[in-house]
Amino acid sequence: MIRIGKIKIGGTLFTHLILSFTLLAVIIIGLVGGYLYVQANRLMVDEIAKDSRQRLITSRDYIENTLLKKYENSIRNKSLSTLSLESQSMLNYLLDSKWEGNISRITAFRKDLEIFKLANEGVYKISVYFQKGNYIVDSSQFYMKPDNSPDAPFVQKSLADAANRWTFRTLADGEKVMTYAIALPYGSLPKLAEGTMYIDVSIDYIYQMVSSTMSSPLEKLYVFSESGGPVIHTGAADEDELDAVVKSMKSGGQAVQSLYYNKRDKYVLSFLSDQTSDYHWKYAMIRPMNSFVSSSEQLKGKIFASCLLVLLIGLLISYLISRRVYDPMKALVASIRGFYQPGSANESRNEYAIIGSTLDTLGRKIESLQSKAKINELKNLVLGGGIGLEYDNDLPQNCQYMVCRIQMLEGSSSDAFKAAYEQLEAYGNYRFVSLNAQEAAIIYAGEPDAPSEALEQALLTEMHAIKKQTAGELKFGAAFGSFVHTAGEIPFSYQDAVHAYRYRFFYGSDAIIAYSSLSSNKVKPHLFSFDNYKYALKAGNEVGVSRFIDDFQKELAEGGIQLENVELGLLQLVTVLYQVVIELELQQIIPPSSLFDEFKKETLEDTLQAIREMSANITAHVQEAGNHAHTEIILKLKKFIDDNLHEDLSLHKLSEVASLAPTYISTLFGTVMNETFTEYVTRVRLEKAAGLLREDKSLSVVEISGLVGYRNSQYFHNKFKTRYGVTPIQYRNAGGSAT
């Protein structure tokens with residue numbers, strides 16, 4: 001017989017203990033099982049209500065935020081080209097033109113609408129009414145007069161009644177559609193619109209798509225418009241069912257209720273009010289009650305089975321509880337030893353002492369984790385990781401807050417900055433947040449009624465003092481955000497500080513910038529004549545290019561300009577540079593892909609210096625290409641001279657050959673050949689004459705004189721002697737050697 005302490009298994013005491021635990025288990029299970037059984041029907045009703053409402057919300061979101069939103073985004077994207085008056089899109093052009101003289105453009109635009117229709121499944125037609133030209137173009141036709149269009153009554157209707165909303169209507173050909181209209185240009189008010197774009201989506205297609213979302217053919221979904229008429233439904237329409245739904249919804253009863261509209265079945269009606277819909281539509285769903293009853297019966301059966309199983313488990317537990325209590329204690333101690341290994345000094349301690357020591361260690365770890373959690377909490381607060389949450393981070397309450405963003409540079413760390421800042425302690429009411437090794441944030445708190453300008457000025461003075469004291473040790477830049485009045489708005493102040501630090505593009509990476517100083521910056525961008533820059537580049541005019549960039553830099557460096565406008569100007573400048581590279585086919589020398597990389601320099605000065613160097617490369621190449629072309633012209637003329645020495649050669653003769661001015665040819669000749677035209681012709685003629693004197697003894701001096709272009713033999717005689725120091729006869733007799 002097994003002994004457990006003083007209790008014998010199988011004895012009377014053990015039997016009483018087992019029976020007592022068993023009776024207790026039966027009573028508890030009976031009470032719980034009965035309660036669960038009674039609550040089964042109520043649970044079923046609650047689940048039906050919850051499930052039905054969720055399904056209605058899902059259907060509403062699918063119709064409004066997925067299905068119809070797809071078409072809204074498509075037509076909105078189509079009309080976005082009209083957003084800017086400077087846009088050269090086809091749609092913008094036609095809005096400002098009549099149809100006369102633009103038939104080809106209208107035809108191309110109609111084809112574009114047809115492609116749009118084919119690309120968006122379910123679109124029955126897309127139409128555009130051009131108010132200035134008073135004509136209509138749709139995806140299949142062009143109507144020179146709006147009255148010729150079947151949609152004339154709807155198009156001529158006030159746009160304010162149909163703009164940016166869905167309208168249910170039946171077209172002239174009997175097709176039922178939903179129509180969405182947008183005023184053109186995009187974003188204009190209906191009464192100021194220059195045209196209207198309409199998209200018609202087939203109701204049958206919407207029926208088909210919505211029906212595919214139903215989990216069962218027995219479910220039916222009804223959608224009612226603002227006027228109360230049914231516009232969308234799934235499954236076959238049933239007049240009795242529809243009347244019952246409308247009456248139940250108008251009665252103002254609960255959102256989920258039982259519905260009887262025939263003698264055979266019971267249905268569950270659930271609906272959403274028009275207040276939950278972006279379009280002010282009402283949604284209703286009909287589901288057969290018998291689809292839930294089977295689930296309820298299964299639930300009740302599971303309750304009985306669960307109670308029986310729990311009873312059996314209770315009997316087993318009753319037996320196990322009667323065993324020695326030390327067994328679970330022993331297992332607990334073994335588990336603790338696996339998690340926490342006490343030192344050798346604790347080996348002789350009992351199990352309760354070991355558990356106490358373990359809990360003490362866990363307590364210290366929890367305190368450490370809490371400290372880290374508070375740091376992470378502040379970090380998440382600054383970065384906006386938990387906007388809307390309540391923080392317990394020891395921040396002062398009922399204050400105005402401002403965040404300063406610190407960016408460490410050239411190997412300096414945020415921990416080193418924190419140490420230097422804590423030594424100064426000029427303004428004590430702050431929280432330092434280390435975001436990473438190179439970035440930190442300081443949350444300042446001030447009295448809610450204190451002048452924010454004075455506080456900001458004091459903090460700026462403090463930051464400049466730190467920069468001065470740590471010069472040579474730390475290098476950093478800083479930016480102060482805006483003042484906010486609640487802790488939940490601290491992320492917005494940090495984002496303003498991040499935005500302000502972007503202005504290091506003007507002032508350098510180690511600048512200290514206040515967000516408040518940016519409010520006076522110019523909003524309107526400066527207009528530069530980029531064509532002058534483009535023409536100077538293409539002409540190889542290095543002086544003109546340098547002058548334009550100098551003026552550009554001077555205008556931007558004056559300050560008081562929004563950073564976005566500066567970036568826009570730089571982007572336009574780089575774009576012109578990109579265009580010249582492509583037009584002059586300089587991709588092998590200056591890859592276009594590297595141009596925009598130069599736009600990412602740290603400062604404005606560095607960026608413009610990079611652009612200046614690229615521009616210099618382009619002008620140098622253009623100049624070199626021009627010199628090469630001049631060389632080709634002179635070499636061509638040189639060959640002409642060499643082949644025609646016997647003729648009368650002059651600059652006017654060469655100008656006819658090269659189609660260039662005589663003076664220009666004279667200049668090019670001297671540049672390329674390093675001798676004048678006259679010097680070259682004289683030298684070549686005399687060199688050819690010397691060759692004939694040496695090689696052809698049958699030719700007389702007079703004949704040779706004529707062959708090299710000298711009609712006067714005496715003049716030839718003088719020229720030859722001047723060059724070679726001897727007469728032609730002496731040169732021949734000497735065998736071609738000059739003295």
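Within the stretch 148-166, at least one residue is surrounded by fewer than 17 Cβ atoms within 10 Å (Cβ to Cβ), without any contact (Cβ under 8 Å) to a residue 24 or more places away in the chain and under 33 Å from the mean Cα position of the chain (by Cα).
Is there a residue in the stretch 49-56 that is under 30 Å from Tyr267 (Cα atoms) and modelled with pLDDT under 75? Even if it seems obvious, please write down each step before you answer.
Taking the stretch 49-56 as the starting set, the residues that turn out to be under 30 Å from Tyr267 (Cα atoms) are 49-56.
Still in the list and also modelled with pLDDT under 75: 49.
Checking the stretch 49-56: at least one residue is under 30 Å from Tyr267 (Cα atoms) and modelled with pLDDT under 75.
Only residues that are under 18 Å from Ile63 (Cβ atoms) and surrounded by 18 or more Cβ atoms within 10 Å (Cβ to Cβ) were counted across the stretch 232-244, and they come to 3.
Cβ-Cβ distances below 6 Å connect the following pairs, each with a first residue in the stretch 16-38 that is modelled with pLDDT of 75 or more, a second residue that is surrounded by 11 or more Cβ atoms within 10 Å (Cβ to Cβ) and among the aliphatic types (A, V, I, L, M), and a separation of six or more residues or different chains: Ile29/Val310; Ile29/Leu311.
Residues of the stretch 109-118 that are touching a helix residue (DSSP H, G or I) at 6+ places or on another chain (Cβ under 9 Å) and under 24 Å from Phe168 (Cβ atoms): Leu113, Phe116. Restricted to the stretch 674-739, the set of helices (runs of 4 or more DSSP H) holding at least 2 residues that are within 26 Å of Lys636 (Cα to Cα) comprises 677-695, 701-707. Is one or more of the residues making up the stretch 187-208 without any contact (Cβ under 8 Å) to a residue 40 or more places away in the chain and part of a loop (DSSP other than H, G, I, E, B)? Yes, that holds for at least one residue. Note on the stretch 180-215: residues that are of a type in the set (S, T, N, Q), buried (at least 19 other Cβ atoms within 10 Å of the Cβ) and over 19 Å from Tyr135 (Cα atoms) amount to 0. Restricted to the stretch 380-402, and to residues there that are among the polar types (S, T, N, Q) and more than 13 Å from Thr486 (Cβ to Cβ), the residue that is modelled with the lowest pLDDT is Asn393.
Ile126: surrounded by fewer than 19 Cβ atoms within 10 Å (Cβ to Cβ), in contact with a strand residue (DSSP E or B) (Cβ under 8 Å, 6 or more places away or on another chain) and closer than 30 Å to Val223 by Cβ, yes or no?
For Ile126, the condition - surrounded by fewer than 19 Cβ atoms within 10 Å (Cβ to Cβ), in contact with a strand residue (DSSP E or B) (Cβ under 8 Å, 6 or more places away or on another chain) and closer than 30 Å to Val223 by Cβ - is not met.
Of all residues in the stretch 268-282, those being closer than 12 Å to Tyr222 by Cα and assigned to a loop (DSSP other than H, G, I, E, B) number 1. Contact map, the stretch 235-248: residues that are without any contact (Cβ under 8 Å) to a residue 60 or more places away in the chain and on the phi < 0 side of the Ramachandran plot paired with residues that are in a helix (DSSP H, G or I) and surrounded by 18 or more Cβ atoms within 10 Å (Cβ to Cβ), Cβ distance under 7 Å, separation 6+ or inter-chain. No pairs are found.
I need the full set of residues from the stretch 698-739 which are among the charged types (D, E, K, R) and farther than 28 Å from Ser650 by Cα, in order please.
Restricting attention to the stretch 698-739, the residues satisfying the condition of being among the charged types (D, E, K, R) are 703, 711, 719, 721, 723, 732.
If the condition is that a residue be among the charged types (D, E, K, R) and farther than 28 Å from Ser650 by Cα, then Arg732 is the only one that fits.
Checking the stretch 648-657 against the condition returns no match, with no residue being modelled with pLDDT of 90 or more, farther than 19 Å from Thr631 by Cβ and among the acidic types (Asp, Glu). The numbered conditions (1) modelled with pLDDT of 80 or more; (2) in a helix (DSSP H, G or I); (3) over 14 Å from Val484 (Cα atoms) are all true for Arg405 except (2). Look at the stretch 576-592: where a residue is surrounded by fewer than 17 Cβ atoms within 10 Å (Cβ to Cβ) and at pLDDT below 70 and a partner is among the hydrophobic types (A, V, I, L, M, F, W, C) and part of a helix (DSSP H, G or I), sitting 6+ places away or on another chain with Cβ atoms under 6 Å, you get Pro592/Val581.
Which residues, taken from the stretch 454-474, are free of Cβ contacts under 8 Å to residues at least 24 places away in the same chain, at negative phi and not basic (Lys, Arg)? It would help to see each step written out before you state the result.
Keep residues of the stretch 454-474 that are free of Cβ contacts under 8 Å to residues at least 24 places away in the same chain, which gives 454, 457, 461, 468, 471-472.
Still in the list and also at negative phi: 454, 457, 461, 468, 471.
Listed by number, the residues that qualify are Ala454, Gln457, Thr461, Ala471.
The values are calculated or read from the model by the stated rules, or taken from the named source; none is laboratory data. Nothing here was measured: the structure is a model prediction, and the numbers come from that model. A quick note on method: Cβ atoms are made from the backbone with ideal geometry, for glycine too, and the neighbour counts reach across all protein chains shown.
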